[in-house]
Amino acid sequence: MVSAVYLLAFFVGDLVKGYYQEDNRPRYLTAAVGEGVVLNCDIDFPQDFQIPYKLLWKRRGEVIYSWQDGITTESDDYVGRISQVSKHQQRLYGLASINLTSIRESDAGWFECRVLFPNRTPRSRNNGTWFHLTVSGGNLLAIPPINKTVTEGDEAQFACLTKDYEIKVRWFKDGIPLTEYTDLMTRSWVTKENTLTIRPTNSGDIGEYECEASNYEGEKQTARAFLNVQYRAKVVYAPPEIHLPFGRPALIDCHFRANPPLTNLRWEKDGFLFDPYNIQGVFYRRNGSLFISKVDETHSGTYTCTPYNDLGSDGPSTNMHVLVQRPPVFVRTPHNLYLKKLGETIELPCDARDDDDGHKPNIVWYKKDGMSLPMGRYSIKEGNLTIFDIQSDDKGIYQCTATNKAATIVAETELLVENVPSSAPYNLTAISSANSVHLTWLIGRQRVNVDFSIWYKRRDNTEWKTFPVPTTKVLEATITNLEPATEYEFMVLCKDDYGDGLFSKSILVWTKHLEGEPERFNGNLPPVGYPRNITVRPTDTGLLVAWQRPEYGLEFLKRYQVRWTQRPDDYIFGSADTTNTTYLITNLSEGTEYDIQVVALSIDDQQSVSGKVIGVFPGYKSIRAVATGIIAGLAFLGTAFVAVYYAKRKWCRPYQTALKN
């Protein structure tokens, strides 16, 4: 027993030891010339509590990067190419990880990550990892460009050294050829060594620069570097006049740019320092803007703003004259709702004022849905909108806006138009038999007291027949007493209390041949034959329908349509279009039989319908649930049987022996 415990402890210790050795094994990375890579190194703090540390990255025994208390150093070969991962990246990588960018062929080899704790004894811990970097794809570029940070006005250079002077180099900025930047081309040039030089730089030069090398064999290689141009905080726009609405909240913005970011923003009013912290109702926003919770006359005056960053300021803005103005007030507005008939005229009133002298703001009418006012049928006089000869498209919500330099106010009204006919039925579909055709359709707008009627005729006839649909709530009907193997044309008419509406688009349908008769048609054959050899196979999620293509007319075939009805009701069905010769019908009721047909539609929408095939969806989910329950029950019974058997052998047999003795 003791030996077993020692053996288990040895095994667990060896497993833990193996885990840490596995964690510190060398890691192998691969990158191409000009690309970047992350060397992922974590820090093992004592008792998982972060304490001061020093980070060292070594290569060939020499320190190429170090970090301690926010102070970093890089060796000459890695200046601008090596940095610790950002705070955002620290969610994915260890705290000691670094970014190595603009990789060169000379970077291939071993890198070592070491972490020291200066204020702890011992200073080192089980920290550190070895990395081996393999550099590939360096057939054209020898030294790619590296990231640069310069001050505005200074010179910036991006090297792009190739392995052969015959290799051509093109430069891009943010994915666009450098030659398309007119201003930048006047301040930049490329040397014989393909080095891009920009002098002087300005704030607009910030971006990603790409060097593309190519040879006569068509090989290409690219490398990218980012140019960061820092400059003093500067004001880019200051409106000469700002109108604030009296009694309402308002903002006074300072439009500036700053790189490095803004550190301070100084406001002055009428030549004196304006400190919002000492003025009630005025607050600083995060971007430096002034927020006034309730404007009054004391806020008028001449304002200037001066932004600052770590490099200083480019100076204050020009004067911004702030004027306090009363916002518009409606003195007359339209009613909430108007109801008019087709052809009538309506006048929608709207009037507003914005000061005591009766001055009127600018009044404009809009239609809220974005549509323009009816061209040639409206006029606006003294703020009132008049619409003549009202049409059905004029219905909708109208907005009257009153605007001055301080604010904009809005009043809304809705116009309803009577005598608007019902919209035309659409998506007309059909299922045919030898002597009947079942039609279904949809309507775009539901209205009360709408009647439908079916218009149909033989295609070779000119006389239409009609069939009134008995109820308005059902969007389907069956036309009977038709001739077999005959092509018919169908339309649906929608009619309401105000008169006739609109017809749907017509469709052409062939009725089927009589059972026992050879499959032929009176007159011309349809341009496409019917789908053949329909098969239905149940799957876990539905019924998989497969078929063979028609014997003729494939050049006129547009698509297939699969239709299914729930037996025995032929009028409850679904349909789906496909260009394949298989289709999976889903969302079916378990244990239900379905009649399934496949229709071939020609390019002129003629239909050839296959015969019906019966399919049953057995419901595999229910079967699996029952089977799982049975298996679980058998497993439980088996376990109970084994437990009772061993308990009987262990306890009952000694008890019987004791009784005998």
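List of remarks:
- Pairs where the first residue, in the stretch 329-350, is closer than 23 Å to G247 by Cα and modelled with pLDDT under 90 and the second is of a type in the set (S, T, Y) and not in a loop (DSSP other than H, G, I, E, B), C-beta under 6 Å, 6+ apart: none
- Candidates Y181, Y93, filtered to the one that is within 30 Å of N215 (Cβ to Cβ) and of a type in the set (F, W, Y): Y181
- Test: T134 is open to solvent by less than 70 Å² (accessible area, probe 1.4 Å) and part of a loop (DSSP other than H, G, I, E, B): no
- Qualifying residue in the stretch 61-68 (condition: under 23 Å from K148 (Cα atoms), modelled with pLDDT under 90 and open to solvent by less than 20 Å² (accessible area, probe 1.4 Å)): no
- Residues being surrounded by fewer than 14 Cβ atoms within 10 Å (Cβ to Cβ) and of a type in the set (G, A, S) are entirely absent from the stretch 248-270.
- For the stretch 575-615, the set of residues classified as without any contact (Cβ under 8 Å) to a residue 24 or more places away in the chain and in a loop (DSSP other than H, G, I, E, B) consists of T579, N580, K612, listed by residue number.
- Any hit, the stretch 394-417, residues being assigned to a loop (DSSP other than H, G, I, E, B), touching a Gly at 6+ places or on another chain (Cβ under 9 Å) and surrounded by 17 or more Cβ atoms within 10 Å (Cβ to Cβ): no
One line per residue, one yes/no per condition, for (1) among the aliphatic types (A, V, I, L, M); (2) more than 43 Å from the chain's Cα centre (by Cα):
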{"position": "V38", "(1), (2)": "yes, no"}
{"position": "D48", "(1), (2)": "no, no"}
{"position": "R59", "(1), (2)": "no, yes"}
{"position": "I64", "(1), (2)": "yes, no"}
{"position": "I71", "(1), (2)": "yes, no"}
{"position": "D76", "(1), (2)": "no, yes"}
{"position": "V79", "(1), (2)": "yes, no"}
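- Test result for T201, hydroxyl-bearing (S, T, Y), in a loop (DSSP other than H, G, I, E, B), crowded, with 16+ Cβ neighbours inside 10 Å and touching a residue at least 12 places away in the same chain (Cβ under 8 Å): yes
- Conditions (1) farther than 25 Å from R104 by Cα; (2) out of contact with any His (no Cβ under 6 Å at 6 or more places or on another chain); number of the one not met by Y237: (2)
- In summary, K192 fulfils each of the numbered conditions (1) surrounded by 12 or more Cβ atoms within 10 Å (Cβ to Cβ); (2) part of a loop (DSSP other than H, G, I, E, B); (3) not aromatic (F, W, Y) with the single exception of condition (1).
- Residue within the stretch 107-129 that is closer than 27 Å to E210 by Cβ, buried (at least 18 other Cβ atoms within 10 Å of the Cβ) and out of contact with any strand residue (DSSP E or B) (no Cβ under 7 Å at 6 or more places or on another chain) present: no
- Verdict on V282 being open to solvent by less than 60 Å² (accessible area, probe 1.4 Å), touching a helix residue (DSSP H, G or I) at 6+ places or on another chain (Cβ under 6 Å) and free of Cβ contacts under 8 Å to residues at least 60 places away in the same chain: yes
- Within the stretch 452-541, strands (runs of 3 or more DSSP E) holding 1 or more residues that are farther than 17 Å from I431 by Cβ and at pLDDT below 90: 465-468, 487-496, 499-503, 532-538
- When the stretch 352-393 is filtered for residues that are open to solvent by less than 60 Å² (accessible area, probe 1.4 Å) and acidic (D, E), only D354 remains.
- If you go through the stretch 361-380 and keep only what is under 28 Å from H243 (Cβ atoms), more than 40 Å from the chain's Cα centre (by Cα) and either of a type in the set (S, T, N, Q) or not in a strand (DSSP E or B) (or both), you end up with just P361.
- Only residues that are open to solvent by 20 Å² or more (accessible area, probe 1.4 Å), in contact (Cβ under 8 Å) with a residue 24 or more places away in the chain and not small (G, A, S) were counted across the stretch 80-91, and they come to 2.
The values are calculated or read from the model by the stated rules, or taken from the named source; none is laboratory data. Only a predicted model underlies this, so the values are computations on that prediction, with no experimental measurement involved. Neighbour counts are summed over all protein chains in view; Cβ atoms, including those assigned to glycine, are modelled from backbone coordinates with ideal geometry. Quick note on the areas: whole protein, heavy atoms, side chains included, nothing else; ligands and nucleic acids left out. Shrake-Rupley method; radii C 1.70, N 1.55, O 1.52, S 1.80 Å.
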